[in-house]
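Only one structure is covered here, and it is reproduced in the block below.
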Amino acid sequence: MTSTTAPVPEADGETASVRAARTRSAEIEQRIARDPSMFRVLTGDRPTGALHLGHYLGTLANRVRLQDAGVDVIVVVADYQVITDRDETGDLPANVREVVLDYLAAGIDPRRTTVFAHSAVAALHQLMLPFLSLVTVAELERNPTVKAESVDAATRQGRSMSGLLLTYPVHQAADILAVHGNLVPVGTDQLPHLETSRTVARRFNQRYTAAQPYFAEPEALLADMPTVLGNDGAKMSTSRGNALELRADEDETAVYLRRARTDSHRHITFEPGSRPEVASLLRLGAHFAGTTPEALADTIGADGAGRLKEVVTEVVVEGLRPIRARRRDLAADGRAVVGEVLARGAARATVLGEGTLADVRELMGTVYS
Ligand code: TRP
């Protein structure tokens, strides 16, 4: 028997809720085009090392696009999220610096976009406490992304689920609601977290506000974010060691792409389902060539995978050239530049977060003077 509420995968592998989020996102894009000032985006990254091509295509390019469209974009460098699923945080100051330099190199403009680190904004964390009271442990334990991360932490480091891993979706609600973000660009794996944020906002309103709701329920912006595969054919990720870092030089890029796995069919076609490796290369090339994967496949056709890799290398090297040049310029003065960006960002996030906390305490009746 099938139930109408269970997520039933469609033929293309997408659940009905994912498809609904896609439809909604398309509507939001139209509203952004009409009036970007209606939106405040809150998004973030765990600083676990320099960013790679997958980050760039998946999220970074999209943030720059939203910023340039006139949306107020706030990015949290989620240093307190690094400790959810690992014992070793690595060199956090260096990792935070790399991430922020990658942002700036990719086109994030710190005069328009706010970049701050979790640990620098105390009010945000104070919001987590009342928010935790608004969700049940059963709800937290149902989160499929948290479950997957817990299994991963267990198999990789024999680590059992920490309280923070279980509750970090609520922490993420605090990230978003502290600054009154109303739009969160996400991949499908983050949709359950956004649901938690919406639940927290809704229940807070129900419990503590009479007429006017205080928090808006933030919305997901499911951008068309392609999953970029590493040259071994698995999803590109730092922890898998199959990533091409944005800061890599031309030779490294060429060597990396030459080693990209393809398949045994000579004729190049764009068929993500049956030819994922070729499709990933086509998407990568199409992004930087400003064309579609289908059109790029047509221009290569019978010339085969060797030619495909040459073309992709050319356009990737060309496309990343300005980003890499900017990064080199910035890196000379990296510490100072990053320090200034984060200080400015923390100042603004603190003003926003303190304001929200003051309102929350007022609404909860925890102001005693
Ligand atoms: N969990 C996100 C990631 O691992 C990072 C993140 C932290 C985030 N806080 C957020 C994303 C708030 C969206 C909204 O990439």
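The values are calculated or read from the model by the stated rules, or taken from the named source; none is laboratory data. Remember, it's a predicted structure, so these values are computed and weren't measured experimentally. Cβ coordinates were reconstructed from backbone atoms using ideal geometry, including for glycine residues, and neighbour counts include every protein chain displayed. Remember, those area values only see protein heavy atoms, side chains included, never the ligands or the DNA or RNA. Shrake-Rupley method; radii C 1.70, N 1.55, O 1.52, S 1.80 Å.
Could you give the dipole magnitude of the chain about its Cα centre, charging the beta-carbon of Lys and Arg +1 and that of Asp and Glu -1, in debye to the nearest 20?
Roughly 380 debye, rounded to the nearest 20.
Amide H to amide H, which residues 5 or more places from Leu229 or on other chains are under 5 Å from it, using H placed in the peptide plane?
Met236
Have a look at the DSSP beta bridges in the chain and tell me what percent are antiparallel, nearest 5.
20
Which one, Val186, Thr136, Gly90, projects farthest toward the positive side of the charge dipole computed for the chain from Cβ point charges (K/R +1, D/E -1)?
Sorting the options by dipole projection puts first Thr136.
In the chain, what percent of the accessible surface is made up of carbon and sulfur (1.4 Å probe, ligands and nucleic acids excluded)?
52
Per residue, how big is the convex hull of region 86-170 when only Cα atoms are used? Give it in Å³.
With only Cα atoms used, region 86-170 gives 143 Å³ per residue.
Between Ala20, Ala94, Ala201, which gets the highest mean-square fluctuation from a Gaussian network model of the chain, Cα cutoff 10 Å?
In the Gaussian network model the winner is Ala20.
Give the accessible surface of region 107-197 per residue, rounded to a whole number of Å², with probe radius 1.4 Å and ligands, DNA and RNA excluded.
Accessible surface, normalised per residue, equals 40 Å².
Would you calculate a helix-derived [θ] at 222 nm for the chain, using -39,500 (n - 2.57) for each DSSP H run of n ≥ 4 and dividing by the full residue count, to the nearest 500?
Counting only the DSSP helices, I get -17500 deg cm²/dmol.
What whole number of Å gives the distance from the Cα centroid of region 19-34 to the Cα centroid of region 288-330?
If you average the Cα positions of each part, the centres end up 29 Å apart.
Where the centre of each part is set by its Cα atoms, how far does region 335-369 sit from region 175-189, in angstrom?
17
Quick check for you: with a 1.4 Å probe and neighbouring chains kept, what is the accessible area per residue of region 257-298, in Å²?
Accessible surface, normalised per residue, equals 55 Å².
Gap in Å between the Cα centre of region 205-228 and the Cα centre of region 261-286?
36
Over all pairs of distinct alpha carbons, what does the Kirkwood formula give as the hydrodynamic radius of the chain, in Å?
22.0
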